[in-house]
Amino acid sequence: MICKVLLASAMLTAVTACSTAVPRTDAEKQKVAGEIATLMTDPKMVDGIIDSMSGIVMPTMRNMCETVPESQHDACLERVEKARPAVDESMKEAMDQVKAVMPELMQEMGAIMARLYTGEELAKMKDYYSSSEGKSIMHKQPQVMAEYMPLVTKRMQSMQIEMMRKVQKRVAEALSEGGIIVAEPPI
């Protein structure tokens, strides 16, 4: 009798620990992985992350003015502000394109997940992202990215500027070897 109670308790624990049926076939794994990708990419969350990325372009451009000689700093900031409408429109177009392909990208991610994860892992992942905690975490992710991306941008900016200078210099040198004269790079 005790064995039956323990077995029933263990089975109940196993059932409640993973309420999604474990996918066994490739088709079942693909279906569950696609559902997970959809859960992970709530359109509002994706929009929030993309919008937070859009919001770092202008501050980054303004920060680039810190690298010009002080005598040109104000003029640089003025040019950046004049460019704002064109930059905003370009970013909107780019972000709209990204948003449009997100469903397809998520299905591609689902295909990779279906190939790499076991059925048990997929079932637990789906249960997690379907849970109130998983949904809450995904809901908060845009805020995390909105606060994190400016930190990354600030930290990486000087490295990116130096890398751009090196690339421009090397391209100019390569072109000059072919007899092409290149004007002084803007950065």
Condition test on Met95, is it among the hydrophobic types (A, V, I, L, M, F, W, C), in a helix (DSSP H, G or I), within 15 Å of the chain's Cα centre (by Cα) and modelled with pLDDT under 90? yes
State all residues of region 21-41 that are crowded, with 18+ Cβ neighbours inside 10 Å, among the β-branched types (Val, Ile, Thr) and at pLDDT 90 or above; if no residue qualifies, say none. Val32
Name every residue in region 136-148 that is touching a helix residue (DSSP H, G or I) at 6+ places or on another chain (Cβ under 7 Å) and of a type outside the set (S, T, N, Q), in order of residue number. Met138, His139, Pro142, Met145, Ala146
Restricting attention to region 102-144, and to residues there that are without any contact (Cβ under 8 Å) to a residue 60 or more places away in the chain and in a loop (DSSP other than H, G, I, E, B), which single residue is farthest from Pro23 (Cα to Cα)? Ser131
Please pick out the residue among Gly179, Gly134 that is small (Gly, Ala, Ser) and at pLDDT below 80. Gly179
Tell me which residues, restricted to region 118-155, are β-branched (Val, Ile, Thr) and surrounded by 16 or more Cβ atoms within 10 Å (Cβ to Cβ). Thr153
Being surrounded by 11 or more Cβ atoms within 10 Å (Cβ to Cβ), assigned to a helix (DSSP H, G or I) and either in contact (Cβ under 8 Å) with a residue 24 or more places away in the chain or among the basic types (Lys, Arg) (or both) is the requirement here; does Met163 meet it? no
One residue is enough: does region 4-20 have a residue meeting the conditions at pLDDT 80 or above, in contact with a helix residue (DSSP H, G or I) (Cβ under 8 Å, 6 or more places away or on another chain) and surrounded by 10 or more Cβ atoms within 10 Å (Cβ to Cβ)? yes
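The values are calculated or read from the model by the stated rules, or taken from the named source; none is laboratory data. These figures come from a predicted structure and were not determined experimentally. Cβ: placed from backbone, ideal geometry, glycine included. Neighbour counts: every protein chain shown.
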